[in-house]
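All remarks here apply to the structure that follows.
The values are calculated or read from the model by the stated rules, or taken from the named source; none is laboratory data. The structure displayed is predicted, hence computed values, not measured ones. For the accessible areas, the whole protein counts, side chains as well, though only heavy atoms, and no ligand, DNA or RNA atoms are used. Shrake-Rupley method; radii C 1.70, N 1.55, O 1.52, S 1.80 Å.
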Amino acid sequence: MNEQLIEFETAKLAKEKGFNIPCDGRWWIEPASSWKFSKQGAVKCNNSSDDSIARPTQSLLQKWLREVHNIDVYVQPVRFTGYIEIGYYTYSVMGEIPVKNYRYNSWEEALEVGLLEGLKLIEL
């Protein structure tokens, strides 16, 4: 069982918001100007480097949002009249159900969207 790595758009926004913790994975730009993913050990990515973007796990980014920016993102099952509808999840940011309360098919999918929404709350 492996931890889920965040998607490119989430990683890109995390970099823009100041995420700079060393990660095992990263995207780097090739001379042809296309982004490629590689997993090459700890790569420190910071906002001054334009040729790579760190790709942390969802749990690492979730912890960074919580500890550095006091933004708590969590996932919960969708509940109806006392029972859990298996296979559907939603996310909350800082304890608030989002305005667009979509259902996602996996815990990781809901967390990814919640992380992206949490990053959007960071003001630089």
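Probe 1.4 Å, all protein chains in place: accessible area of Trp107 in Å², nearest 10?
100
May I ask you to compute the full-extension gain from Asn20 to Leu124, defined as 0.36 nm times their residue separation minus their alpha-carbon distance, rounded to one decimal in nm?
Full-extension gain reported as 36.0 nm.
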